[in-house]
1. Would you mind checking the tilt of helix A:129-154 against the longest principal axis of the Cα atoms of chain A, expressed as 0 to 90 degrees and rounded to 10?
2. State, as an integer percentage, the relative contact order of chain A based on alpha-carbon contacts under 8 Å between residues 6 or more apart.
3. How big is the dipole moment of chain A about its Cα centre under a simple scheme where the beta carbon of each Lys and Arg is +1, that of each Asp and Glu is -1, and everything else is neutral? Debye, nearest 20, please.
4. For B:Thr91 and A:Tyr130, what does the FRET efficiency come to when R0 = 30 Å and r is the distance between their Cβ atoms, rounded to the nearest 0.05?
5. Wrap a convex hull around the Cα atoms of region A:21-103, take a quarter of its surface area, and give that in square nanometres.
6. Normalised by the residues of region B:294-354, what does the relative contact order come to in percent, with Cα pairs under 8 Å and at least six apart?
7. Taking the Cα centre of region B:2-228 as origin, work out the dipole magnitude from +1 charges on Lys and Arg Cβ and -1 charges on Asp and Glu Cβ, in debye rounded to 20.
8. Averaged over B:82-93, how many beta carbons belonging to a partner chain fall within 10 Å of each residue's beta carbon?
Amino acid sequence: MKEKNRGLAVFTFLVFVFLLGPLLIISVTSFEGGSVLKFPIETFSFKWYENIFKVSMFLTTFKTSIIVSLAGNLLALLLGVPAAYALSRFNFKGKAVLNAVFISPILIPGIVLGFTFLRYIVTTYQLPIYAGLFIGHTIIMLPFVIRVVSSSLSTFDFSIEEAAHSLGASKIGTFIQVVLPNIKSGIIAAVMIAFLESFNNVDISVFMTGPGVSTFPIQMLTYVETYFDPTVAAISVLLMIITAFFMFIVERLMGLSYFTKR
Amino acid sequence: MALFTLENISVAYNKQNILQDFNLEIEEGKFISLLGPSGCGKTTTLRLIAGFLESNNGKFLYKGKDYTKVPVNKRNFGFVFQNYALFPHLTIFDNVAFGLRLRKASKSEIEKKVASVLEIVNLSGFEKRYPKELSGGQRQRVAIARALVIEPDLLLFDEPLSNLDANLRENMRIEIRRIQQELGITTVYVSHDQEECFAISDQVAIMNKGIIEQLSDPATIYNYPKTKFVADFIGFKNFIDFEDQKIHENEIELTKSGFTFIVQKNKANTSTDGKTGAIRPDNIVIRPLKESVTAGKNELPGKVKIRTYLGRSYQFIVETPIGDFTINQELLVPYQVGEEVILEFPANNMVLVK
Ligand SMILES: Nc1ncnc2c1ncn2[C@@H]1O[C@H](COP(=O)(O)OP(=O)(O)OP(=O)(O)O)[C@@H](O)[C@H]1O
Ligand SMILES: [Mg+2]
């Protein structure tokens, strides 16, 4: 028994090394003083962190990414919260199908989805790049919003709504006065998870961006195609910190069990 | 005239009828309980009255007006849920004030009414707490206060005490009855606890598979059940299906396999309606065989089959020529298994049911 446990411990350790090792290496390389990415580093400096702010394309694409993610997030909320509510509260024909449709963007490979968007949003309907990005990102955020909000609705007792209803509140009034305040943390978590999903997205954006308009991760790709300096490593470290911070908040609000249950 | 009436109501889930041609009339100020086994449709009936459920046909009349299509939030009925259903994000004060705010009451009016209703349920001083900071009994009292404060035309309870422990349950039911009588609010109460229903109701409706088998005051139900189902439900464990009956002036004479039974005429045993006799385990008298050699009228010879010690009394299952009977008796020297006995069925304790 004890032997077995030791085996398990070693295995767990290896998994951690495998998962966290690359992140650790990237973090270290970001502090390289020279102008070529290498590990281990020879001199220590913050200069590549400073460099992020000197490359103007990083700033513009960062703004684009933020705008697209926030606007898409808002629309995803406006569509996703009522959808989650309907899916969790009402029984209707085709509910299972609708559920599957809403979840499908998680299951379909991003590259396939990206190509589909390219085919329709860009080629067929010729929408401007911004509009295309906005729609594409809304679609990839929607399932996350629906799933997180649904999971917080599922722990909210339906009879509480009925109580409000019997005290004289209309259906909409009940939703606003009773349901929303009680799934607030779920909605905040949904916003954060969806934001990360959208902000970090490459596979959809790569199809949707075009001349003059790009998102932050795409800009990172473009950058490493031409430069070999550690700027992107520095960016990665910052993104990791932001992500960790967001996930910390989500964990506080909801518990991360959301990611392990289906 | 009845305050409200359910007329030929039908409710179905997934095309399966739960209530069919359901009828019920309640008079103003009365406390009525719906009592019955699990799944018989008590909650369904209550939710229909509240307006949470729609009927497929039939009518719900309130003060003679057709309320069938009136939505829940326009009915002004108070509903108390089994799991309290308090608003977790609001304080006790705001929970209770919820209905008043929707009715656009003024601030001073809200404060006055909330204070007075919290006093009625003995929760003054708890205004600033949140529901999770209260015990189960306190939460249920908040739920009652929240339903009362809107001065409902009808108060509906769905097993409000079933999540509380036995002691608290007894105190709370006295509270509920006191409040109901003080305010004179017509009340419909659902429970599957018999004692609870009998203790607090003016009228009890015994339900079975979506119909009301009997609707009477508690004592009548307890002593004079009309149907076999009701009798069984309230503890008449023994039944005799008689073959023949003769009606005399004050009594009815019945026979079964050559044994004769006399049953006194009373509130329940009036006509030829019932040919099944029902009697409680406590009311059959058990005697040693040697006292009378042959069994006379209202008597059966038998043999003890099973004996169980119940604490206060013994329970015997006795085998007789017309079937097994269950008898409870307080005895110092109990009968042994296999012992021959005589069972006596007192004429005033047997009830004839359908
Ligand atoms: N939402 C529903 N969908 C399908 N069937 C239901 C639904 N609610 C209740 N039923 C069925 O309707 C019948 C009556 O249910 P109801 O809840 O009225 O019973 P009850 O008398 O309140 O029982 P209990 O004492 O267990 O609460 C049951 O057979 C139940 O299975
Ligand atoms: Mg019920």
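1. Value to nearest ten degrees: 60.
2. Normalised by residue count, the contact order of chain A is 29 percent.
3. Numbers: 17 positive and 12 negative charges, 128 e Å.
Dipole about the Cα centre, nearest 20: 620 debye.
4. The value I calculate is 0.05.
5. Details: hull surface 36.0 nm².
Spelled out: convex hull of the Cα atoms, projected over all directions, averaged, 9.0 nm².
6. Working: 95 pairs, mean separation 22.8, N = 61.
Reported as a whole number, the value is 37 percent.
7. Dipole of region B:2-228, to the nearest 20 debye: 720 debye.
8. 4
The values are calculated or read from the model by the stated rules, or taken from the named source; none is laboratory data. None of these values were measured; they are calculated from a predicted model. Cβ coordinates were reconstructed from backbone atoms using ideal geometry, including for glycine residues, and neighbour counts include every protein chain displayed. SASA here: full protein model, heavy atoms, side chains in, ligands and nucleic acids out. Shrake-Rupley method; radii C 1.70, N 1.55, O 1.52, S 1.80 Å.
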